[in-house]
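Undergrad: What follows is a structure written as structure tokens; I'll ask about it next.
The values are calculated or read from the model by the stated rules, or taken from the named source; none is laboratory data. Here the structure is a predicted model, which is why all the values come from computation and not from measurement. No Cβ is skipped: glycine too gets one built from the backbone with ideal geometry, and neighbour counts run over all protein chains shown.
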Amino acid sequence: MPPSNSSLPRAILSVATLAVGFASGYLIHSTSPNSEAPAEAAPDKAARSSSSSGHEDETRPFTKNSGNSIPSDLRSYDSLDDLMALNEDDLFPRLALWLVDAGPADYEDCWHALSEKTTPNTRMLDMLFIRWTSDDPIAAIQAAEGTSFSHIPWWGWSKNDPTAAYEYACEHQPDQLGQILYGIGQREPEMAMRLLQMNPDAGKNGLPVRGIIEGLTNTDPEAAVKFSFENQSYLDSKPLEAWLREDPVAALKWIFEKQTAIRGINTVETLKTLERENPDQLPQLADSLPHGNLRRQVESMIFQQLIRSDPEKAMEQARANPSKKIAAQQLAQIAESNLKDDPARSLEIFTEMLEDKVDAISSKKIEYQDGASSEGGGGEMASLIQGLIQTDPEGTLNAALSVQGDAYTQTTYNMLYQWGTTDSTALAEWAIHVDSPSIQKSALEVVYSKYKGQGDLGAFIPTIEQIAGKNRQSIMRQFISGWYSDNPDAASAWFSQANLSAEDREALSPTFQTSNR
């Protein structure tokens, strides 16, 4: 190597990025199995180098016979000791330049230096062995043999000369065919498929399938998804994300058709990717899907876009929707969108929903204008209730009572449960003064359940003692009886010492008399 120099001349640095493109461009797109993901800084440098080099195939590794010409004046002025003193972000591009005119002895010295690090960086080893196997693959393989990195030279060789690497592995080391086919699959997936059919045992570790999927993702995302589906030992979200960007309607239709058989694909996240990447295609997708959960999710996203762009039009559309269930869901979306900036408006819309669509809110059936129907929905209302209770629990429940009166519904229970989960003390204080006997009882049951779960029903008694109105004694009897069943000694001690009115004591006495017989 040339003599050491503490810093690269500016002119050399300006051309050094070319070496990063030659020596590491491939690593941006593929690495050997178990290699770390590229660091943030390195890909940026590599990306700039590949764009400046003008090569159509930025993933092509540099080899002496690859046809990639290197400027004759491109040289590193680092010694190996200089390189090993650098941090990893700085080392990657400087090592790439150093490897441009390295020779056999340099490769071996570099291998020893990198492998002796406390935590060897496999991305650096990937780059080294791609370069080394372009000159002398057998020497590279022999150098790494017996180490935990013995697979990397085989993978690197597959990048330089896939046919030679494959034939040599078949004859001399069949156990490395998986690595060879993994590397081939990343660049030439169709070739890897053919070779895998000829050598099915090579695919037992899953590496060839993984490489083929990675390669197809770059060239044919649809084929990558379907190949992944057929080989469910290796599922990856990247092909599906790529297909969604390329043809979202076809991708989502395929998911719908296969959803009962698909494992490991998160439909919600998939739709979010579509919404982010191709929002304009959501209406076309919705029209292409049959009524059901997937279509509802897409339509919900479309309506959310309308809320953001034209909230007044969204309100008009929701109120005019012939399906009361869908109208309720859309109104819930509008109400939730106002929670942060205008919670009073959210509560107003919620009250409107209770007045006009209370049956639709609790219904599980959605009826459509074309006469079709489906089951499901309700997530929008649950999310709204959670937000309202967090913002103004008392106002929310009072609004519900003003519309529903003494009627107890699933919506009422959801609100009571949400409040009790976040602040049971405040719920108990509110419940004590509620006029509705059924709502009061239900609210106190939520509080009672929380105390019981904590094993401290005695702490619930002060709340019971404050109850007023005609419901007082029946509620006291219900909860004191439950306390007695749970802890008879504590309940009996309280009853014998409590300062109760004659009416209360008479109402509660049967609980203790019956249990003492």
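Undergrad: Return the only residue of 155, 132 being within 38 Å of the chain's Cα centre (by Cα) and within 26 Å of residue 188 (Cα to Cα).
TA: So the residue among 155, 132 that is within 38 Å of the chain's Cα centre (by Cα) and within 26 Å of residue 188 (Cα to Cα) is 155.
Undergrad: Would you be able to say whether some residue in the range 46-62 is assigned to a helix (DSSP H, G or I) and at pLDDT 90 or above?
TA: No: zero hits.
Undergrad: Could you tell me whether the range 166-182 includes any residue that is within 30 Å of residue 116 (Cβ to Cβ), charged (D, E, K, R) and either part of a helix (DSSP H, G or I) or touching a strand residue (DSSP E or B) at 6+ places or on another chain (Cβ under 8 Å) (or both)?
TA: Within the range 166-182, one or more residues are within 30 Å of residue 116 (Cβ to Cβ), charged (D, E, K, R) and either part of a helix (DSSP H, G or I) or touching a strand residue (DSSP E or B) at 6+ places or on another chain (Cβ under 8 Å) (or both).
Undergrad: Just one of the numbered conditions (1) farther than 30 Å from residue 324 by Cβ; (2) at pLDDT below 85 is not true of residue 369; which one?
TA: (1)
Undergrad: So which residues in the range 177-216 are of a type in the set (S, T, N, Q) and surrounded by 23 or more Cβ atoms within 10 Å (Cβ to Cβ), if there are any at all?
TA: 179, 186
Undergrad: Which numbered condition trips up residue 355, out of (1) within 24 Å of residue 310 (Cβ to Cβ); (2) modelled with pLDDT of 70 or more?
TA: That leaves (1) as the condition not met.
Undergrad: Has the range 217-226 got at least one residue that is within 19 Å of the chain's Cα centre (by Cα) and part of a helix (DSSP H, G or I)?
TA: Yes, the range 217-226 contains a residue that is within 19 Å of the chain's Cα centre (by Cα) and part of a helix (DSSP H, G or I).
Undergrad: Quick check on this structure: which one of 333, 317, 305 is closer than 30 Å to residue 354 by Cβ, surrounded by 18 or more Cβ atoms within 10 Å (Cβ to Cβ), polar (S, T, N, Q) and modelled with pLDDT of 80 or more?
TA: 333
Undergrad: Sticking with this one: Tell me which residues, restricted to the range 324-357, are in a helix (DSSP H, G or I) and of a type in the set (D, E, K, R).
TA: Hits for the range 324-357 are 324, 325, 336, 345, 348, 352, 355, 356, 357.
Undergrad: Here's something else I'd like to know. Search the range 444-497 for residues being within 48 Å of the chain's Cα centre (by Cα), touching a residue at least 24 places away in the same chain (Cβ under 8 Å) and more than 22 Å from residue 416 (Cα to Cα), and hand back the single one that is surrounded by the most Cβ atoms within 10 Å (Cβ to Cβ).
TA: Applying the filter and picking the extreme gives 484.
Undergrad: Could you tell me whether residue 437 is in contact with a Lys or Arg (Cβ under 9 Å, 6 or more places away or on another chain), in contact (Cβ under 8 Å) with a residue 12 or more places away in the chain and not basic (Lys, Arg)?
TA: yes
Undergrad: Let me ask you something else. With respect to residue 205, determine if the residue is modelled with pLDDT under 95, in a loop (DSSP other than H, G, I, E, B) and farther than 24 Å from residue 290 by Cα.
TA: It is true that residue 205 is modelled with pLDDT under 95, in a loop (DSSP other than H, G, I, E, B) and farther than 24 Å from residue 290 by Cα.
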